[in-house]
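Reading through the structure tokens given below for one structure.
The values are calculated or read from the model by the stated rules, or taken from the named source; none is laboratory data. Quantities reported herein were computed from a predicted structural model and do not represent experimental measurements. Cβ: placed from backbone, ideal geometry, glycine included. Neighbour counts: every protein chain shown.
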Amino acid sequence: MKLDDFNNIDFKNAGSLPGPVKAVLLAAIFLILLALGYYFIWTDAFASLDTAKVKEEELRKVFLDKKSQAINLVAYKEQMVEIEKTFGALLKQLPDKSQMDGLLTDINQAGLGRGLEFDLFKPGQETRAEFYAEMPISIKVRGTYHDLGAFATDISKLSRIVTLNDLAITPLNKESGKDKSLGAVLAMEATAKTYRYLDADELAAKKAAGKPK
């Protein structure tokens, strides 16, 4: 097979071409058809295949997640029951609006019961969250170290949730000379925070206020 064989090809008499020339021409035609088929047909098919593979991975992941949830469904249900019990117990520790005055009295009595002297007991402005309201109470009391500690312990044992925050304890002036026992007396400033749950009317009003006008 020579180069002249390709320069002098007569396609009208293609049947009489030498065998090697025919083979080369057929191979060239096959490659051209293969390239055209790839460009016009297989490119979209390959893109669809890649998309299908990605979708398959997503569905596989969803399936495995659902399978895991189904296997652990009983454990999830038991956990939800336990969470509801715990939440219910915590909710019972939150007084409603009508019980707040009694709770404030309990905090005050806890201090008086330990022999503390109140210089300040001032409830502040409520701040409301999703289903509860928080009330800060500014407290300033005087007493011995042990009495102050016992007061803090009594607060933690109340049936309602009360926390002591921003504690600052300072000794009273030892140099006053009026009472030497003042050297053993401390002044404690703190912010007691107590909480109450919002009643149905307050929740409805809060929900209405949150809707866009």
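Taking the range 127-149, which residues are among the acidic types (Asp, Glu), closer than 18 Å to residue 105 by Cα and either touching a helix residue (DSSP H, G or I) at 6+ places or on another chain (Cβ under 9 Å) or surrounded by 17 or more Cβ atoms within 10 Å (Cβ to Cβ) (or both)?
Within the range 127-149, the first condition is being among the acidic types (Asp, Glu), and the residues that meet it are 130, 134, 147.
Within this subset, residues satisfying the condition of being closer than 18 Å to residue 105 by Cα are 134.
Listed by number, the list is empty, since nothing qualifies.
Reported count of residues in the range 135-155, each being outside any helix (DSSP H, G or I), more than 21 Å from residue 193 (Cβ to Cβ) and charged (D, E, K, R), is 1.
Taking the range 89-108 only, how many residues are modelled with pLDDT of 65 or more and assigned to a helix (DSSP H, G or I)? Qualifying residue count, the range 89-108: 11.
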